[in-house]
Amino acid sequence: MGQDILLNSKAGDVAAYLATPTGTAKGGIVVIQEIFGVNHHIRAVTDKFAADGYLALAPRFFDHIKKGVELGYTPDTIAEGRKYVTELGLDKAVQDVDAAIAELKKRGARKVAVTGYCWGGTIAWLSATRLKPDAVSAYYGGGIHGTKNEKPTVPTQMHFGDKDMHIPMAHVNEIRKLHPEVQVYDYPADHGFHCDERGSWDAAASKKAMERTLEFFKKHVG
């Protein structure tokens, strides 16, 4: 369904996977990768948003370091992905999201939402505090708590698993208390519960979180 395009970011040009809906798009969605790059799973998620009627774009952040990174879910690839994330930092990724929002608007999306998973959940949160999308839905971002004092300026929701060993529920509840305007959901699931290519996938939690995300985007994007 999709194709790679060139994204002109202030951080430097990167590729991005673009999925186009049939007919007129309801709006745009920036899909933010996990630490594994824009791999098969992220492309599938992007395609799903296009099937739901949105123009969806997933920037390939790791192109700043190495072109075409697509990792699986083994201890070695987790270590490799973490290395790229550390090297890249947060600012370049946020700049890439800003460029992706602009690209979707250039392609006709009147309003644009941002969603992201794992590390991408953190970048989605920072998009809500540092950029101006129309809505943000962030999934289990481990770095959200570390930037919890930043203030979102757009409608924002979050999704966490209460069995996630990387993100204690104490952190989730602290975020709830600090940001009562943010919709914060938790599910009886582990980290990465939305990825059906990981052992931690939870079908019920994934389905419910996606229903909430789509309802939220329908309200704020179209």
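Tabulated data
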item: Backbone N within the range 169-194 under 19 Å of label point (7 Å from Lys219 Cα along the Cβ vector); result: 176-187
item: Sulfur and carbon atoms: percent of accessible area, the chain [1.4 Å]; result: 52 percent
item: Over the range 136-197, relative contact order from alpha-carbon pairs under 8 Å, at least 6 apart, %; result: 39 percent
item: Where the chain is the region considered: accessible area per residue in Å², 1.4 Å probe; result: 43 Å²
item: Estimated 222 nm signal from helices in the chain, with DSSP H stretches of n ≥ 4 weighted -39500 (n - 2.57), rounded to 500; result: -12000 deg cm²/dmol
item: Residue among Thr122, Thr86, Thr153 with the largest mean-square fluctuation in a Gaussian network model of the chain, springs linking Cα atoms under 10 Å; result: Thr86
item: Summed residue charge, Cβ within 15 Å of Arg82's Cβ, Lys/Arg positive, Asp/Glu negative; result: -2
item: Additional length obtainable on full extension of the chain from Ile78 to Lys148, 0.36 nm per residue less Cα span; result: 22.7 nm
item: Efficiency of FRET between Arg212 and Thr86 - r from beta-carbon atoms, R0 35 angstrom, step 0.05; result: 0.65
item: Cα lying deepest toward the dipole's positive end in the range 27-115, options Leu88, Leu57, Leu104, charges on Cβ; result: Leu104
item: Förster-model FRET efficiency, 25 Å R0, Arg176 and Trp201, C-beta, rounded to 0.05; result: 0.50
item: Residue pairs, from the table Lys111/Lys207; Lys66/Lys208; Lys111/Lys148; Lys148/Lys218, whose Cα atoms sit over 31 Å apart; result: Lys66/Lys208
item: Nearest-10 value in Å² for the accessible area of Asp162, using the 1.4 Å probe; result: 70 Å²
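The values are calculated or read from the model by the stated rules, or taken from the named source; none is laboratory data. It should be emphasised that the depicted structure is a prediction, and the values quoted were computed from it without experimental measurement. Cβ sites come from the backbone with ideal geometry, for glycine too, and all protein chains shown count toward neighbours. To get the accessible areas, we keep the full protein, side chains included, count just its heavy atoms, and leave off ligands, DNA and RNA. Shrake-Rupley method; radii C 1.70, N 1.55, O 1.52, S 1.80 Å.
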